[in-house]
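Chemist: Right, I'll just put the structure down here and ask away after.
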Amino acid sequence: MMQPVLIEVCVDSVPSAVGAERGGAQRLELCSDLLEGGITPSLGLFQAVRARISLPLHVIIRPRGGDFCYSEEEFGIMRRDIEIAKRAGADGAVLGILLPSGRIDITRTRQLIELARPMSVTFHRAFDMSADLHNSLDDVCQTDANRLLTSGGEPDCGQGSDAISKLVQSARGRIHIMAGGGINAGNVAQILRRTGVNEIHVGLATVVQSPMLVRNARVSLGKAPGREYHRAQVLEESVRELKRAIAQVPANERREP
């Protein structure tokens with residue numbers, strides 16, 4: 001029997017977390033610095049979000065932006081961040097490590113997952129940067145992760161739908177495949193029909209203008225000019241719109257996983 005579609009929303013603030021929950025999300029992934037693809041959020045942010053929402057809350061464990069090949073010092077930071085997240089009440093961890101060859105670092109990833117238990121663990125889109133998706137799927141299964149987040153090795157799930165479908169079939173129930181990357185209300189129906197996934201990961205952020213009345217357009221403090229005066233936020237209605245689009249896809253039109 002085809003399972004309902006679970007919506008996981010990536011958030012980086014309390015307002016986004018609250019909006020996602022009110023809109024009908026079933027799980028949240030908490031990150032900071034989404035311009036870098038997400039890094040580990042502060043304990044203060046986690047505690048503020050945890051106090052406001054009742055949904056399962058997963059925390060990304062990524063010590064920096066850039067690649068996913070980590071030094072021993074960075075690996076130690078990841079271990080400490082997992083311990084902190086677990087003590088603070090996280091329901092899950094989102095992580096992934098690659099070897100310089102582009103293969104999955106099975107040994108160190110498994111060590112992090114063992115440390116994270118009993119939390120649920122997602123192997124994130126480091127998978128999409130690996131050398132070979134088929135071999136990497138088998139490697140991720142060996143780490144004992146609960147689920148794999150992927151765009152099928154493509155920039156977004158629309159382009160990667162066929163590859164995601166093949167991964168779902170190759171997984172043979174060994175691990176949950178969660179599609180993530182560029183999913184929105186306009187394309188979710190097609191992606192569900194083509195892939196057979198039961199879980200999707202979405203951003204759905206909307207640009208919200210700053211309340212600042214005085215602005216210095218000559219100065220930019222970050223590497224993305226102009227972002228000082230707007231931010232991205234997940235709005236309740238965006239999640240509701242996604243849910244309405246999913247509801248339009250009859251179960252018999254989705255591929256069996």
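Chemist: Within the range 47-84, work out how many residues are β-branched (Val, Ile, Thr) and in a helix (DSSP H, G or I).
Modeler: Of the residues in the range 47-84, 4 are β-branched (Val, Ile, Thr) and in a helix (DSSP H, G or I).
Chemist: Another one. For residues that are in a loop (DSSP other than H, G, I, E, B) and on the phi < 0 side of the Ramachandran plot, tally how many sit in the range 195-214.
Modeler: Within the range 195-214, residues that are in a loop (DSSP other than H, G, I, E, B) and on the phi < 0 side of the Ramachandran plot number 8.
Chemist: Return the residue satisfying two criteria in turn: it lies in the range 4-46 and is of a type in the set (Val, Ile, Thr) and part of a strand (DSSP E or B), and of such residues it is farthest from residue 200 (Cα to Cα).
Modeler: Result: 39.
Chemist: Out of all the residues in the range 7-59, which are under 16 Å from residue 238 (Cα atoms), aliphatic (A, V, I, L, M) and surrounded by 20 or more Cβ atoms within 10 Å (Cβ to Cβ)?
Modeler: The answer is 7, 9, 11, 17, 20, 25, 28.
Chemist: A further question follows. Output yes when any residue across the range 171-180 is of a type outside the set (Gly, Ala, Ser), assigned to a strand (DSSP E or B), under 13 Å from residue 133 (Cα atoms) and in contact with a His (Cβ under 7 Å, 6 or more places away or on another chain), and no when none is.
Modeler: For the range 171-180, residues of a type outside the set (Gly, Ala, Ser), assigned to a strand (DSSP E or B), under 13 Å from residue 133 (Cα atoms) and in contact with a His (Cβ under 7 Å, 6 or more places away or on another chain): absent.
Chemist: (1) within 26 Å of residue 62 (Cα to Cα); (2) assigned to a loop (DSSP other than H, G, I, E, B); (3) touching a Leu at 6+ places or on another chain (Cβ under 9 Å): which one isn't true of residue 185, the others all being true?
Modeler: Of everything listed in (1) within 26 Å of residue 62 (Cα to Cα); (2) assigned to a loop (DSSP other than H, G, I, E, B); (3) touching a Leu at 6+ places or on another chain (Cβ under 9 Å), residue 185 misses just condition (1).
Matching residues to (1) more than 22 Å from residue 105 (Cα to Cα); (2) in contact with a Leu (Cβ under 6 Å, 6 or more places away or on another chain); (3) surrounded by 20 or more Cβ atoms within 10 Å (Cβ to Cβ); (4) touching a residue at least 40 places away in the same chain (Cβ under 8 Å):
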site: 120; (1), (2), (3), (4): no, no, no, yes
site: 132; (1), (2), (3), (4): no, no, no, no
site: 145; (1), (2), (3), (4): no, no, yes, no
site: 162; (1), (2), (3), (4): yes, no, no, no
site: 179; (1), (2), (3), (4): no, no, yes, no
site: 198; (1), (2), (3), (4): yes, no, no, yes
site: 202; (1), (2), (3), (4): yes, no, yes, yes
site: 207; (1), (2), (3), (4): yes, no, no, no
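Chemist: May I ask you to list the residues in the range 181-196 that are of a type in the set (Gly, Ala, Ser) and surrounded by 13 or more Cβ atoms within 10 Å (Cβ to Cβ)?
Modeler: As a first pass, look at the range 181-196 and keep what is of a type in the set (Gly, Ala, Ser): 181-182, 185-186, 189, 196.
Answer for the range 181-196, where residues must be of a type in the set (Gly, Ala, Ser) and surrounded by 13 or more Cβ atoms within 10 Å (Cβ to Cβ): 181, 182, 185, 189, 196.
Chemist: Scan (1) surrounded by 16 or more Cβ atoms within 10 Å (Cβ to Cβ); (2) out of contact with any helix residue (DSSP H, G or I) (no Cβ under 6 Å at 6 or more places or on another chain); (3) closer than 24 Å to residue 202 by Cα for the single condition residue 105 breaks and write down its number.
Modeler: Against the list (1) surrounded by 16 or more Cβ atoms within 10 Å (Cβ to Cβ); (2) out of contact with any helix residue (DSSP H, G or I) (no Cβ under 6 Å at 6 or more places or on another chain); (3) closer than 24 Å to residue 202 by Cα, residue 105 comes up short only on (3).
Where a number appears in this text, it was derived from the coordinates with a stated rule and is not lab data. Quick caveat, the model's predicted, so the values are computed rather than measured. Methodologically, a virtual Cβ is constructed for each residue, glycine included, from the backbone with ideal geometry; neighbour enumeration extends over all protein chains shown.
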